[in-house]
Amino acid sequence: MDYRFATTQDREAIVGLVVDPAEAVSLRLTPFELASSPSFFRRPDASSVFRPKNSTVYSSHQLLEAENRLPDRSHDTTGPTVSLETMERIARLPDTQGRVLGEDQAEALERIAVLGRVLDVLVGPAGAGKTTAMNALRRA
């Protein structure tokens, strides 16, 4: 948006110079439309109204290979561990802001700390206390 062009055609030409090479080295993950929609279900650019605008998803071989390595790492239990007793003690202590872990946070951390996975995942909605829990694990 910071760049202005003399004509729309100039802008489209520059966008094409950037997008076309990027698409050429990318993997398209969004399938192509298998059936055409009647014209009244098409946008002016001929795309279907049943697909969100600009929703085509791309990736790369390198990223997909990295993602494929993640499950292997989650089965590798050679990572550092913390004893259950230490984790239980830390879970009961308030942090520097006076927050104490909830039962669900403590239980999740005990599993993470004791199992020693090289890669583990802690999932929860915003505000659930993931950062607070991970700070407790760091303290342990």
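The values are calculated or read from the model by the stated rules, or taken from the named source; none is laboratory data. What you are looking at is a predicted structure, and each value in this text was computed from that prediction instead of being measured. For neighbour counting, all protein chains shown are included, and Cβ atoms are generated from backbone atoms with ideal geometry for every residue, glycine included.
Quick look at the numbers
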| item | result |
| --- | --- |
| So D104, is it in contact with a Ser or Thr (Cβ under 9 Å, 6 or more places away or on another chain) and outside the structural domain of L27 (by TED's automatic domain parsing) | no |
| Selected residue [assigned to a helix (DSSP H, G or I), in contact (Cβ under 8 Å) with a residue 40 or more places away in the chain and within 30 Å of T131 (Cβ to Cβ)] from R73, R117, R111 | R73 |
| Residues of the range 1-34 that turn out to be more than 30 Å from L63 (Cα to Cα) and among the β-branched types (V, I, T), as a count | 2 |
| Residues that are polar (S, T, N, Q) and either buried (at least 18 other Cβ atoms within 10 Å of the Cβ) or in contact (Cβ under 8 Å) with a residue 12 or more places away in the chain (or both), drawn from the range 76-108 | T77, T78, T81, S83, T86, Q105 |
| The range 15-73, subset of a type in the set (F, W, Y) and surrounded by 10 or more Cβ atoms within 10 Å (Cβ to Cβ), residue nearest to the chain's Cα centre (by Cα) | Y58 |
| Failed item in (1) part of a helix (DSSP H, G or I); (2) farther than 21 Å from Y58 by Cβ, with S37 passing the rest | (1) |
